[in-house]
1. When the Kirkwood radius is taken over all Cα pairs of the stretch 209-256, what Stokes-Einstein diffusion coefficient follows at 10 °C and 1.306 mPa s, in µm²/s?
2. Quick one: the Cα spread of the stretch 154-255 along its three principal axes, in angstroms, biggest first?
3. For the stretch 71-110, what's the radius of gyration and Dmax over Cα atoms, in angstrom?
4. Where does the chain land at 222 nm, in deg cm²/dmol rounded to the nearest 500, when only DSSP H runs of n ≥ 4 count, each adding -39500 (n - 2.57), divided by all residues?
5. Packing-wise, with mean Cβ within 10 Å as the measure, how do 353-361, 81-89, 47-55 rank, highest first?
6. Against the longest alpha carbon principal axis of the chain, how many degrees, from 0 to 90 and to the nearest 10, is the axis of helix 176-188 turned?
7. In degrees from 0 to 90, rounded to the nearest 10, what is the angle of the helix 245-255 Cα long axis to the longest principal axis of the chain?
8. Which three extents, in angstrom, do the Cα atoms of the chain have along their principal axes, listed largest first?
Ligand code: SAM
Ligand code: SF4
């Protein structure tokens, strides 16, 4: 039996332009790959890597560790991190199977040395028609022009507060000015659209929703408000920290005239609205209260080469060892199809059998 017929027997096959696509057992065709290029970060966001005093105060009663017992993030050793060649090999192979959207993320992707070189390699891969990056933006100006020239098309920045003190409380860094400057620069360099993500946390920054949307209106950016998910490194998330998408929307609707934008993609995570009479847009991503798993078309590759089929997967699949043990791409492709067939129907947040992911968002790649 050839390996092709083996694949056809065991996995759902859907073809397009002569290539077999990645289809899971719920008939979802995977198109979107998030690649984390490092697990390191220069921020300590309290919803992701909560290691600041502010985070300790916020989680006080829920902290599972004694005060002063700070967990220093344990970064993966360099030998475990995929090389540019390995990342490019994986993406090329995924693109051959129909992946067309690629997002480079982390940790903080701008901490990865020579990132523009990786971007150039990824941009050259046939089939990749959308190449984006998510960043905290703190050091963006250093490499922005090189990234643009290398073929990066879109950038999403994380910006959760417009109050410098609150920004610091949320991220552990005094960096509001640097990040807003980076957003402006991205617009000037022609990255389009420029998106700004804010994780909204009750009693921390929910009073800033309107100010953030005003920024979107004035600067002509797409502001995404995201529900807080149980993906923090200390596993201290509580349901009562979450501001629901519905609640966010009703606060915004009181202030702005909004027109809903129809999405072309069912897998789109955000419901979006144009802020009337402006180039600004808002979007609400509500994975906790209104899960969109039924249309999920995403796959994730961590910086240390593990494939995850869901943010909340309890199982990861080791492609680093596989890639390092074989030069045969067909072996890797077959394994990828097998892994895709195991993609979960959806997350289980809020259910009794919910299992907190073993890694934080910073280490998975958001
Ligand atoms: N460091 C970069 C940044 O912050 O943009 C990229 C990696 S970060 C993990 C990617 C995205 O995940 C960010 O937009 C961040 O806001 C989001 N994120 C992190 N932890 C989260 C959580 N617990 N709930 C919801 N979103 C989260
Ligand atoms: Fe914040 Fe992103 Fe770093 Fe997490 S990875 S701590 S969200 S900057």
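1. Taking Rh from Cα pairs, D becomes 130 µm²/s.
2. 40, 32, 24
3. Using the Cα atoms of the stretch 71-110, the pair Rg, Dmax is 13.0, 41 Å.
4. Per the formula, -9000 deg cm²/dmol.
5. 47-55, 81-89, 353-361
6. 60
7. The angle comes out at about 50 degrees.
8. 62, 51, 40
Values quoted throughout were computed directly from the atomic coordinates according to the rules given, and no laboratory measurement underlies them. Not measured: the values here are computed from a predicted model. Note: ideal-geometry Cβ built from the backbone for every residue, glycine included; neighbour counts use all protein chains shown.
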